[in-house]
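To start, the structure under review is shown below, and the notes come after it.
The values are calculated or read from the model by the stated rules, or taken from the named source; none is laboratory data. These figures come from a predicted structure and were not determined experimentally. No Cβ is skipped: glycine too gets one built from the backbone with ideal geometry, and neighbour counts run over all protein chains shown. Keep in mind that these areas ignore ligands, DNA and RNA; they rest on the heavy atoms of the full protein, side chains included. Shrake-Rupley method; radii C 1.70, N 1.55, O 1.52, S 1.80 Å.
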Amino acid sequence: MRILALIFSVLTGPVLAHEFWIEPDAYQVPTEGRLEGNLVNGQEFAGTKLSYLPQRFANFAVFAGAQAERVQGRPGDMPALNRDPLVEGLHIVAYQANNATVNYETWEKFQTFVDHKDFGDVLSQHQARGLPEENFTEVYARYSKSLIGVGNSEGADRRVGLETEIVALTNPYTDDLSDGMRVQVFYRNDVRADTQVEVFQKADDGTVEISLYRTDTQGIATIPVEPGFAYMVDAVVLKEPSAELMATSNSVWQTLWANLTFATPE
């Protein structure tokens with residue numbers, strides 16, 4: 001269900017969260033073309049392009065049909081994705097980042113993030129655990145996917161083993177989009193029901209429309225889409241880290257970011 005739609009310039013507005021996504025140079029390429037795309041960190045579907053650095057990720061792979069291969073490169077390569085397709089059809093590019101941490105000097109900064117991602121009454125949980133309300137640390141990991149159509153672009157998205165993952169139930173390049181784009185959100189083996197999904201729609205001129213939706217009882221959200229736009233879908237898990245992760249990262253909260261990018265043909 002759609003609950004909010006706002007239009008922003010990518011150069012204005014407060015910093016509420018930083019997404020991490022895979023942004024192909026082209027979302028559809030000919031059979032003899034190449035898969036090329038950047039890893040991007042930023043906000044409102046605009047950000048900094050990152051190079052291929054193996055020490056920053058646990059997995060970086062391409063899937064198509066029954067085939068799968070790791071993305072190979074040299075440290076410093078840009079774009080980070082630059083390789084031949086596996087076959088003709090829909091390709092899934094998946095990236096799992098290594099854990100990183102961020103420190104919050106005040107509770108207010110963390111509360112802004114909590115409100116934006118609709119996590120509910122986290123303060124009560126924080127206080128019940130006896131945690132400090134300033135100078136505390138969050139550990140986070142990114143789980144990003146992108147759909148690239150090769151040739152006829154036929155095929156279907158699927159789960160590729162990410163801890164949290166957004167799966168497209170619609171092929172944006174071959175299916176009828178008049179009833180919207182359907183996505184399903186997972187955490188481990190469970191669907192994420194009644195979960196906020198943030199959608200970024202980017203036009204060719206860089207204008208971005210940001211909309212919020214909620215998943216149904218099956219973890220599915222239906223997103224209205226228009227021809228000729230790029231889309232990014234984002235859903236975040238907030239949880240208490242395991243005792244081991246808490247000790248090794250010195251963190252009191254953990255976030256897992258699922259992200260999916262695709263485009264709609266003209």
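Remarks
- Residue within the range 93-100 that is part of a loop (DSSP other than H, G, I, E, B) and within 15 Å of Leu147 (Cα to Cα) present: no
- Close pairs from the range 172-187: first closer than 18 Å to Arg158 by Cα, partner among the aromatic types (Phe, Trp, Tyr), Cβ under 6 Å, at least 6 apart: Pro172/Phe262
- Taking the range 133-212 as the region of interest, the strands (runs of 3 or more DSSP E) fully inside it that hold 2 or more residues being touching a His at 6+ places or on another chain (Cβ under 8 Å) and of a type in the set (A, V, I, L, M) are 136-150.
- Residues satisfying the stated conditions in the range 102-120, i.e. among the polar types (S, T, N, Q), over 21 Å from the mean Cα position of the chain (by Cα) and not in a strand (DSSP E or B): Thr106, Gln111
- From the list Thr248, Thr222, Thr207, the one residue that fits, being closer than 29 Å to Ala156 by Cβ and among the β-branched types (Val, Ile, Thr), is Thr222.
- Contacts under 9 angstrom Cβ, first residue in the range 56-70 being among the aliphatic types (A, V, I, L, M) and at pLDDT 95 or above, partner open to solvent by 80 Å² or more (accessible area, probe 1.4 Å) and part of a strand (DSSP E or B), 6 or more apart: Ala61/Glu69; Ala61/Arg70; Val62/Glu69; Val62/Arg70
- Restricting attention to the range 143-162, the residues that are open to solvent by 50 Å² or more (accessible area, probe 1.4 Å) and closer than 21 Å to Glu19 by Cα add up to 2.
- Enumeration of residues in the range 176-214 that are surrounded by fewer than 16 Cβ atoms within 10 Å (Cβ to Cβ) and over 22 Å from Gln254 (Cβ atoms): Asp176, Ser178, Asp179, Gly180, Arg182, Ala203, Asp204, Asp205, Gly206, Thr207, Arg214
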